[in-house]
Amino acid sequence: MSTLPLRHVAIIMDGNRRWADQRKLPRLSGHKEGVKSLKRLVQHAGAIGLEYLTVYAFSSENWQRSKEEVRYLFELFSNVLRDEFTELADNKVRLRFLGDMSTIPARLRKSFERSMEDSKNNTGLNLQVAINYGSRLEITQAAKRLALDVVAGKLNANEITEDLFANYLFTEDIPDPEMMIRTGGEMRLSNYLLWQAAYSELYITPILWPDFAPHNFDEAVEEYAHRNRRFGAD
Ligand code: IPE
Ligand code: IPE
Ligand code: MG
């Protein structure tokens, strides 16, 4: 049993390009360095017995970046999955992708689906990677599917509860994150887990994502342990 004070941490991995700018490197190389940072953290999270880690890798708004950057990122996702899946599976990681898969290039979508299927019985860290994810898109799609189920007579509108609605989100049965970390210092949520993070503790650090190390993660968890979560009560 883990002695951690929480089960689920969500992360906005921000600041990759600024990291590269600081070092006068090509901007996009910051994303590659960001992958190394994620790899370190996934190993660490597994080792300390965290149950769920959900990371923001590409938002539904990130399509607005240059074609070159979008292509670079999708190639990177594809290569990382190809190169790292075996090791993740050996470490018992259960991998899931959250987001609208319908506009992801077919080949990549298939490898996402295969990796989810192949790791679904793994009992270690649950790693969710949000790609083409946006909360408004997620909630709108959930509402649409729910409406269709009502029309089809599968349930009555007056049976809709918060729990039932949450089951239509990409996160389905995954518990809400107790803490949301954002690196790179921006004070916003950028359309990430708006429903799920309704009562999450926010932890924003100026550290740029490629520099975010396991000990920084431990510091965040340590701070979390001292937060007073009231959930609206006195
Ligand atoms: C986060 O880093 C990664 C993605 C959004 C894909 P950025 O690319 O946003 O880097 P900054 O925030 O511009 O430094
Ligand atoms: C949020 O970062 C998305 C990811 C980390 C994948 P952005 O860099 O896209 O967020 P904004 O544009 O600063 O809000
Ligand atoms: Mg950014």
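Nothing in this text is a laboratory measurement; each read-out follows from the coordinates by a stated rule. It should be emphasised that the depicted structure is a prediction, and the values quoted were computed from it without experimental measurement. Cβ placement follows ideal geometry from the backbone for every residue including glycine, while neighbour counts extend to all protein chains displayed.
Which whole-number percent of Cα pairs in the chain have a distance greater than 29 Å? Looking at the chain, the distances longer than 29 Å represent 29 percent of pairs. Backbone N atoms of segment 85-101 closer than 20 Å to the 7 Å Cα→Cβ label point of Lys36 belong to residues 85, 87-88. For Lys120, a cut-off of 20 angstrom between C-alpha atoms picks up these lysines, skipping any fewer than 8 places away in its own chain: Lys39, Lys92, Lys110. Viscosity 0.890 mPa s, temperature 25 °C: what is the translational diffusion coefficient of segment 112-196 from Stokes-Einstein with a Kirkwood Rh over Cα pairs, rounded to a whole number of µm²/s? The estimated diffusion coefficient comes to 162 µm²/s. Restricting the calculation to alpha carbons of segment 38-159 gives Rg and Dmax of 16.6, 48 angstrom.
Backbone N atoms of segment 28-59 closer than 15 Å to the 7 Å Cα→Cβ label point of Glu68 belong to residues 28-31. For segment 143-156, putting each phi into the Karplus relation 6.51 cos²θ - 1.76 cosθ + 1.60 with θ = phi - 60° gives couplings of 4, 5, 5, 5, 4, 5, 5, 5, 4, 6, x, 6, 7, 9 Hz, in residue order, rounded to whole numbers and with x for Gly and Pro.
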